[in-house]
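Q: Just passing along the structure, written as structure tokens.
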Amino acid sequence: MGALFALLILVGACSTTRRLGEDEVLYTGVKNIQINPTDGEKLPDALVSELKQAVNVKPNDPIPFLSPARQSPFPYRLWAYNYWNDSAKGVFGWLYRTIARPPVLMSDVKAPLRTKMVENILADNGYFGSTATYEEVPNAKNPKKASMSYTFDVSSPYRIDTIEYFNTPSSGVKVFIDSLARKSQWFQKGAVFCVDSLSTLRVEVANHLRNRGYYYFRPEYLEFLADTFLTPHAVAMRLSLADNLPDIALRKFRTGNVVTLLQRNEIYGPGRPDTIQTDRGELIIMRPQRVRKGLIPECITFRKGRVFSVRDMDRTQTRLARMGIFSNIQIQPIPADTAAKDPVMNIFITCRYDRPMEASIELNTTSKSNSYLGPGLIASFTHNNIFGGAEKLNVSLNADYEWQTGHNRSSVFNSYEFGLQTSVAFPRLLAPKFIPRSRRDVNWTTISLGGSVLNRPKYFMMAEYNMGITYEWRATRHATNSFTPFKLTYNKLIRTTEEFDSVMAMNPAVALSFESRFIPQLSYTYTYSKWLEREQNNELTFTGTFTEAGNLFDVCYDLAKVKGVKKLFGTPFSQFVKGQVQLVWNHRLFPKQDQWIVSRVLLGAAHAYGNAKEVPYSEQFYIGGANSIRAFTVRSIGPGSYRAPKELVNGYFDQTGTFKFELNTEYRFPIFGDLHGAAFIDAGNIWLLKDDPLRPGGLLQGKTFLKDIALGTGAGLRYDLGMMVVRVDVGYGLHTPYSNGTPHYFNVAFKNAFAFHLALGYPF
């Protein structure tokens with residue numbers, strides 16, 4: 001640490017102006033921005049942010065999170081430019097090009113232009129007559145450095161005083177425009193004059209008209225005329241149509257003929273046409289190819305004779321694209337009989353099939369906190385149109401092989417896991433019509449069947465088999481539903497070792513969760529996600545999941561008057577309820593900047609009853625790992641203040657619970673290019689809802705709740721590859737719920753505080 005501190009001092013002492021010309025001055029950032037509104041009137045926050053952004057030129061190596069920007073005391077990129085060899089080759093040349101940056105000069109700031117921009121922004125928002133000035137502030141120690149100081153003297157805003165609409169007998173277009181304008185909050189008497197708001201209103205009016213048959217109407221055909229001389233410090237407004245408005249823009253079109261052409265993939269050749277008449281128009285299929293009769297008509301929202309709407313174009317495009325079977329989709333409106341009293345718009349849709357089959361192989365290496373290391377493989381095959389109706393068949397094989405490293409490694413190396421999962425997804429609900437659904441999106445029915453085997457040579461071999469059906473649909477634009485009316489899982493311990501049996505004998509509650517059982521489940525998940533404003537600076541996402549198991553079977557057995565432990569095919573079935581809710585808030589720190597605070601709160605509980613004394617091990621909660629509390633490895637803390645015996649640290653058998661609480665907050669910011677950074681803090685734990693004497697401290701209790709919450713912080717990097725995000729997080733433990741000999745709250749020793757995680761995607 002001392003060497004690092006000395007290095008920072010040395011870098012800070014290095015000159016950052018040694019390569020400047022005689023008349024060049026290094027720009028070190030914005031020292032001050034003074035905004036002086038008239039009579040103390042408060043400016044809108046969005047306007048203040050826009051004004052600051054107009055003059056906020058970043059210097060070399062700006063201080064992170066500081067706005068307006070100031071140069072860091074350690075401008076390492078500028079130091080590299082001044083002292084490294086710019087003609088170096090190889091690795092050193094690459095380092096120079098990657099790190100070094102030329103100096104930002106005062107002449108690069110162009111302060112007169114930026115103050116003019118500020119005055120224009122204020123005028124566009126109704127603050128006419130406002131002025132912006134700047135001052136160069138020389139550095140007291142080095143005359144070759146300077147910063148900028150700005151002063152904005154803001155006048156009182158001009159407000160709309162009078163509004164004049166179309167004053168001549170008007171067509172339906174003019175009446176419709178008047179109606180929309182009168183409802184606008186930005187075009188009302190007393191509203192502050194704002195050019196951007198009026199431009200937004202023009203776009204909204206044009207969009208409404210294009211969705212009501214006026215396909216050729218554009219925002220520029222609508223004019224707002226403003227006069228500031230009729231009334232002192234006020235604006236008189238007139239709404240009118242542009243003089244260059246073409247006649248066709250006032251023509252209201254109806255939908256004519258709809259023709260859809262399905263082209264084969266290029267690798268199969270053009271094929272021969274087969275024309276079919278449907279209730280949604282003419283369908284031309286280039287044979288041979290498999291197409292379910294109603295697939296394409298279900299996606300087309302155009303109706304012959306109905307008023308033409310651009311919204312129908314967008315909806316049709318979206319529905320066809322979400323099938324996932326086309327590589328290219330084009331929708332072309334072609335006007336016909338434009339001179340007629342009631343002109344029509346013919347629609348020509350062209351869809352080209354993508355390759356129906358695809359396969360992928362993913363290789364990875366796993367390194368676990370319990371000293372297990374090994375390779376993994378995921379092989380997947382997908383047919384995107386297995387039955388000719390965009391049904392997706394997926395077959396996925398996963399396999400992992402691990403061996404133990406370190407001083408305590410076992411002589412047995414065959415720790416492995418493999419599984420096969422198959423599913424068929426239908427792009428429609430194979431369910432009763434009473435389920436409310438939205439036509440905006442494709443609704444899916446997925447039928448799945450799979451199995452897996454997990455082998456831990458020192459402990460057990462377990463098999464799991466599952467089958468189920470799931471419906472996914474949208475009821476509204478913001479809400480997504482997932483309903484699984486039936487899922488049957490069968491867990492069976494194939495083999496156990498004496499060591500595992502001895503552990504289970506010492507902990508009957510854990511042993512019950514490992515029993516061979518059927519798990520007949522019904523579950524429902526509701527997700528609601530919405531931006532809270534047009535600028536998309538705040539987004540809330542709520543996810544709630546409810547699962548029940550065994551209740552329907554239990555009722556049937558009760559009706560049959562079956563007593564005692566109820567079994568299915570000779571094996572007991574589980575009976576429990578489980579619920580989990582999660583709320584995620586995304587908040588943009590600065591408008592139009594990619595800096596976010598993302599927070600999550602998660603709460604879950606599970607309870608076994610009736611035919612089962614414990615929730616199955618696979619359905620219990622655990623905590624820690626790459627998507628949870630990142631300062632701790634998976635299943636390394638909890639339940640409560642319980643700490644697993646040292647001889648079972650690598651077993652993870654008993655560090656699960658039936659109640660979970662978790663809080664996470666993460667600051668995400670760009671570094672350069674596709675590389676982003678993050679700083680985070682995580683807190684939470686799991687508990688037991690039933691007391692287990694063999695896991696002391698695990699019971700959920702109000703008096704120890706806060707003390708039982710584990711706390712960690714850390715930082716990470718994210719690299720956005722487009723289709724996926726590669727994430728590296730380093731967590732640092734601050735507090736463990738169990739006692740480790742330290743009386744203080746921050747009880748994690750430095751050498752044991754770090755955890756490293758490599759993962760794909762964001763944690764939440």
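Q: Given region 61-173, what strands (runs of 3 or more DSSP E) lie entirely inside it while holding 2 or more residues that are of a type outside the set (S, T, N, Q), open to solvent by 30 Å² or more (accessible area, probe 1.4 Å) and in contact with a Gly (Cβ under 9 Å, 6 or more places away or on another chain)? Lay out the reasoning, then the answer.
A: Details: elements: 131-138, 145-154, 159-164.
Where strands (runs of 3 or more DSSP E) fall fully within region 61-173 and carry at least 2 residues being of a type outside the set (S, T, N, Q), open to solvent by 30 Å² or more (accessible area, probe 1.4 Å) and in contact with a Gly (Cβ under 9 Å, 6 or more places away or on another chain), they are 159-164.
Q: Would it be correct to say that R495 is open to solvent by 30 Å² or more (accessible area, probe 1.4 Å), outside any loop (DSSP other than H, G, I, E, B) and modelled with pLDDT under 90?
A: Details: open to solvent by 30 Å² or more (accessible area, probe 1.4 Å): yes; outside any loop (DSSP other than H, G, I, E, B): yes; modelled with pLDDT under 90: yes.
Taking the combined requirement at face value, the residue satisfies it.
Q: Let me ask something else about it. For region 524-536, state whether one or more residues are within 25 Å of F661 (Cα to Cα), in contact with an Asp or Glu (Cβ under 8 Å, 6 or more places away or on another chain) and surrounded by 17 or more Cβ atoms within 10 Å (Cβ to Cβ). Break it down into steps so the answer makes sense when it comes.
A: Step one: list which residues in region 524-536 are within 25 Å of F661 (Cα to Cα), which gives 524-530.
Within this subset, residues satisfying the condition of being in contact with an Asp or Glu (Cβ under 8 Å, 6 or more places away or on another chain) are 529-530.
Narrowing further to those that are surrounded by 17 or more Cβ atoms within 10 Å (Cβ to Cβ): none.
No, region 524-536 contains no residue that is within 25 Å of F661 (Cα to Cα), in contact with an Asp or Glu (Cβ under 8 Å, 6 or more places away or on another chain) and surrounded by 17 or more Cβ atoms within 10 Å (Cβ to Cβ).
Q: Can S72 be described as among the small types (G, A, S) and in contact with a strand residue (DSSP E or B) (Cβ under 7 Å, 6 or more places away or on another chain)?
A: On the way: among the small types (G, A, S): yes; in contact with a strand residue (DSSP E or B) (Cβ under 7 Å, 6 or more places away or on another chain): yes.
Yes, satisfied.
Q: Mind listing whichever residues of region 657-710 are surrounded by 20 or more Cβ atoms within 10 Å (Cβ to Cβ), assigned to a loop (DSSP other than H, G, I, E, B) and aliphatic (A, V, I, L, M)?
A: Residue satisfying the conditions is L700 alone.
Q: Considering S599, S641, S636, which residue is more than 24 Å from S516 (Cα to Cα), at pLDDT 90 or above and in a loop (DSSP other than H, G, I, E, B)?
A: Working: S599 fails: in a loop (DSSP other than H, G, I, E, B); S636 fails: at pLDDT 90 or above.
The match here is S641.
Let's see how each residue does on (1) under 42 Å from the mean Cα position of the chain (by Cα); (2) without any contact (Cβ under 8 Å) to a residue 40 or more places away in the chain; (3) part of a strand (DSSP E or B):
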| position | (1), (2), (3) |
| --- | --- |
| R212 | yes, no, no |
| F217 | yes, no, no |
| F224 | yes, yes, yes |
| N244 | no, yes, no |
| T255 | yes, no, yes |
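Q: Say we look at region 547-598 and pick out the residues that are in contact (Cβ under 8 Å) with a residue 12 or more places away in the chain and among the basic types (K, R); which of these is farthest from V615 (Cα to Cα)?
A: Residue satisfying both the conditions and the ranking: K592.
Q: In region 498-521, how many residues are in contact (Cβ under 8 Å) with a residue 12 or more places away in the chain and surrounded by fewer than 15 Cβ atoms within 10 Å (Cβ to Cβ)?
A: Residues that pass the stated criteria total 4.
Q: May I ask you to list the residues in region 49-81 that are over 32 Å from the mean Cα position of the chain (by Cα) and among the basic types (K, R)?
A: R77, the sole residue that qualifies.
Q: May I ask you to verify whether T422 is β-branched (V, I, T), within 29 Å of the chain's Cα centre (by Cα), modelled with pLDDT of 90 or more and open to solvent by 30 Å² or more (accessible area, probe 1.4 Å)?
A: Details: β-branched (V, I, T): yes; within 29 Å of the chain's Cα centre (by Cα): yes; modelled with pLDDT of 90 or more: yes; open to solvent by 30 Å² or more (accessible area, probe 1.4 Å): yes.
Yes.
Q: Quick one: in region 329-354, which of the residues that are open to solvent by 30 Å² or more (accessible area, probe 1.4 Å) and in contact (Cβ under 8 Å) with a residue 40 or more places away in the chain is nearest to A425 (Cα to Cα)?
A: D354
Q: Among what's in region 288-313 and is under 36 Å from the mean Cα position of the chain (by Cα), closer than 29 Å to V205 by Cβ and among the aliphatic types (A, V, I, L, M), pick the residue that is surrounded by the fewest Cβ atoms within 10 Å (Cβ to Cβ).
A: Result: V310.
Q: Mind telling me which of the residues T480, T476 ends up being out of contact with any Lys or Arg (no Cβ under 8 Å at 6 or more places or on another chain) and closer than 30 Å to H587 by Cβ?
A: Numbers: T480 fails: out of contact with any Lys or Arg (no Cβ under 8 Å at 6 or more places or on another chain).
Testing whether each residue is out of contact with any Lys or Arg (no Cβ under 8 Å at 6 or more places or on another chain) and closer than 30 Å to H587 by Cβ leaves just T476.
So that you can scan it fast, the table gives a plain yes or no per residue for (1) of a type outside the set (A, V, I, L, M, F, W, C); (2) within 38 Å of the chain's Cα centre (by Cα); (3) not in a helix (DSSP H, G or I):
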{"site": "D501", "(1), (2), (3)": "yes, no, no"}
{"site": "L512", "(1), (2), (3)": "no, no, no"}
{"site": "F518", "(1), (2), (3)": "no, yes, yes"}
{"site": "S523", "(1), (2), (3)": "yes, yes, yes"}
{"site": "Y526", "(1), (2), (3)": "yes, yes, yes"}
{"site": "S529", "(1), (2), (3)": "yes, yes, yes"}
{"site": "R534", "(1), (2), (3)": "yes, yes, yes"}
{"site": "E548", "(1), (2), (3)": "yes, yes, yes"}
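Q: Here's a follow-up. If you check S184 against the conditions, is it in contact (Cβ under 8 Å) with a residue 12 or more places away in the chain, polar (S, T, N, Q) and touching a strand residue (DSSP E or B) at 6+ places or on another chain (Cβ under 8 Å)? Write out each step before concluding.
A: Values: in contact (Cβ under 8 Å) with a residue 12 or more places away in the chain: yes; polar (S, T, N, Q): yes; touching a strand residue (DSSP E or B) at 6+ places or on another chain (Cβ under 8 Å): no.
Taking the combined requirement at face value, the residue does not satisfy it.
Q: Does at least one position in region 473-487 carry a residue that is over 30 Å from W444 (Cα atoms) and either in a strand (DSSP E or B) or open to solvent by 30 Å² or more (accessible area, probe 1.4 Å) (or both)? Explain how you work it out, then say what you get.
A: Within region 473-487, the first condition is being over 30 Å from W444 (Cα atoms), and the residues that meet it are none.
No, that holds for no residue.
Q: Take the residues in region 711-741 that are polar (S, T, N, Q) and surrounded by 14 or more Cβ atoms within 10 Å (Cβ to Cβ), then tell me which one is nearest to the chain's Cα centre (by Cα). Full working, then the answer.
A: So the first thing to find is which residues in region 711-741 are polar (S, T, N, Q), and the list is 713, 736, 739-740.
Remaining after also requiring surrounded by 14 or more Cβ atoms within 10 Å (Cβ to Cβ): 713, 736.
Working: T713: 22, T736: 30 Å.
So, considering only residues that are polar (S, T, N, Q) and surrounded by 14 or more Cβ atoms within 10 Å (Cβ to Cβ), the one nearest to the chain's Cα centre (by Cα) is T713.
Q: F553 passes all but one of (1) in a helix (DSSP H, G or I); (2) surrounded by fewer than 15 Cβ atoms within 10 Å (Cβ to Cβ); which number fails?
A: Result: F553 passes all but (2).
Q: Filter region 556-609 down to residues that are in contact with a Pro (Cβ under 8 Å, 6 or more places away or on another chain), over 30 Å from Y528 (Cβ atoms) and open to solvent by 70 Å² or more (accessible area, probe 1.4 Å), then give me how many there are.
A: Result for region 556-609: 1.
Q: So, S197, is that one open to solvent by less than 40 Å² (accessible area, probe 1.4 Å), without any contact (Cβ under 8 Å) to a residue 24 or more places away in the chain and under 23 Å from L230 (Cα atoms) or not? Please lay out each step first, then the result.
A: Numbers: open to solvent by less than 40 Å² (accessible area, probe 1.4 Å): yes; without any contact (Cβ under 8 Å) to a residue 24 or more places away in the chain: yes; under 23 Å from L230 (Cα atoms): yes.
Judged against the criteria, S197 is a match.
Q: Tell me, yes or no, whether region 10-24 has at least one residue that is modelled with pLDDT of 75 or more, surrounded by fewer than 16 Cβ atoms within 10 Å (Cβ to Cβ) and touching a Ser or Thr at 6+ places or on another chain (Cβ under 8 Å).
A: From region 10-24, those modelled with pLDDT of 75 or more are 16-24; that's our starting set.
Then drop every residue that is not surrounded by fewer than 16 Cβ atoms within 10 Å (Cβ to Cβ), which leaves 18-19, 21-24.
The next check asks that each one be touching a Ser or Thr at 6+ places or on another chain (Cβ under 8 Å); those that pass are 24.
Yes; the residues of region 10-24 include at least one that is modelled with pLDDT of 75 or more, surrounded by fewer than 16 Cβ atoms within 10 Å (Cβ to Cβ) and touching a Ser or Thr at 6+ places or on another chain (Cβ under 8 Å).
Q: A further question follows. Do we have N364 as modelled with pLDDT of 90 or more and either out of contact with any Lys or Arg (no Cβ under 8 Å at 6 or more places or on another chain) or among the small types (G, A, S) (or both) here? Let's see the steps before the verdict.
A: Values: modelled with pLDDT of 90 or more: no; either out of contact with any Lys or Arg (no Cβ under 8 Å at 6 or more places or on another chain) or among the small types (G, A, S) (or both): yes.
It is false that N364 is modelled with pLDDT of 90 or more and either out of contact with any Lys or Arg (no Cβ under 8 Å at 6 or more places or on another chain) or among the small types (G, A, S) (or both).
Q: Tally the residues that are of a type in the set (V, I, T) and modelled with pLDDT of 50 or more, restricting the search to region 391-412. Explain how you work it out, then say what you get.
A: Residues of region 391-412 of a type in the set (V, I, T): 395, 405, 412.
Keeping just the survivors that are modelled with pLDDT of 50 or more gives 395.
Adding up the residues that qualify gives 1.
Q: Let me ask another. Looking at region 315-328 only, could you name the residues that are open to solvent by 30 Å² or more (accessible area, probe 1.4 Å) and among the aliphatic types (A, V, I, L, M)?
A: A321
Q: Just give me the residues in region 711-740 being touching a Leu at 6+ places or on another chain (Cβ under 8 Å) and part of a loop (DSSP other than H, G, I, E, B), in sequence order.
A: Listed by number, the list holds a single entry, M724.
Q: Do we find that L51 is of a type in the set (A, V, I, L, M, F, W, C), crowded, with 17+ Cβ neighbours inside 10 Å and in contact with a strand residue (DSSP E or B) (Cβ under 8 Å, 6 or more places away or on another chain) in this structure? Can you show your working first?
A: Working: of a type in the set (A, V, I, L, M, F, W, C): yes; crowded, with 17+ Cβ neighbours inside 10 Å: yes; in contact with a strand residue (DSSP E or B) (Cβ under 8 Å, 6 or more places away or on another chain): yes.
Against the criterion (of a type in the set (A, V, I, L, M, F, W, C), crowded, with 17+ Cβ neighbours inside 10 Å and in contact with a strand residue (DSSP E or B) (Cβ under 8 Å, 6 or more places away or on another chain)), L51 qualifies.
Q: Does K252 count as open to solvent by 60 Å² or more (accessible area, probe 1.4 Å) and under 24 Å from L209 (Cα atoms)?
A: On the way: open to solvent by 60 Å² or more (accessible area, probe 1.4 Å): yes; under 24 Å from L209 (Cα atoms): yes.
Taking the combined requirement at face value, the residue satisfies it.
The values are calculated or read from the model by the stated rules, or taken from the named source; none is laboratory data. As the structure is a computational prediction, the values presented were derived from the model and not from experiment. Cβ sites come from the backbone with ideal geometry, for glycine too, and all protein chains shown count toward neighbours. To get the accessible areas, we keep the full protein, side chains included, count just its heavy atoms, and leave off ligands, DNA and RNA. Shrake-Rupley method; radii C 1.70, N 1.55, O 1.52, S 1.80 Å.
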